[in-house]
1. Among (1) 1.30; (2) 1.65; (3) 1.05, only one was calculated for this model; which label is it, if the read-out is Cα Rg over 2.2 N^0.38 Å?
2. Starting from the Cα of Arg8, move 7 Å in the Cα-to-Cβ direction to define the label point; list residues of the range 26-57 whose amide nitrogen is under 11 Å from there.
3. Quick one: which of 40-46, 20-26 comes out on top by average Cβ neighbours within 10 Å, and what's the full order, highest first?
4. Given an 8 Å cut-off on Cα distances and at least 6 residues of separation, report the relative contact order of the range 6-82 as a percent.
5. If amide H atoms are built 1.01 Å from N in the plane of the peptide, which residues on other chains or at least 5 residues away come under 5 Å of the amide H of Gly83?
6. Taking the chain as the reference, fit the longest principal axis to its C-alpha atoms, fit the long axis of helix 6-20 to the helix C-alpha atoms, and give the angle between the two in degrees, 0 to 90, nearest 10.
7. Along the Cα→Cβ direction, 7 angstrom out, place labels at Leu47 and Asp20. What is the inter-label distance in nm?
Amino acid sequence: MSAPNARRRREIRAELAERDGARCWYCATPAGPDALTIDHLIPQSRLRTWLLAALVLACAPCNEAKADTLPQALLRPAPGRFGPGLVPAGAPAA
């Protein structure tokens, strides 16, 4: 499946925001769908798909921190456990 164009990506973001709420799937930081990135739960390097079941919304710091990690290594934590960038809540800022 080829990557969707910009219009379809906006539609995907809106569908994911409706399904999961307009917040980062990893750190639960609320944001508008356009401020969040589309993340592939199973990295595209391992499974090339754009099916909604394989996608979540993530803030840019969490998406970058997750990188090529498989989902079982980063199961959705309790809200408030991590901040943006998958930094443990309450950890000093870098």
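1. (3)
2. Within reach of a label on Arg8: 50-51.
3. 20-26, 40-46
4. Worked out over the range 6-82, it gives 34 percent.
5. Close amide H contacts, sequence-distant or interchain: Ala89.
6. Between the helix axis and the principal axis of the chain, the angle is about 50 degrees.
7. 1.3 nm
Throughout, read-outs are computed from the coordinates displayed, never taken from laboratory work. What you see is a predicted model, and the numbers here were worked out from it, not measured in a lab. All Cβ positions, even for glycine, are placed from backbone atoms using ideal geometry, and neighbour counts span all protein chains on display.
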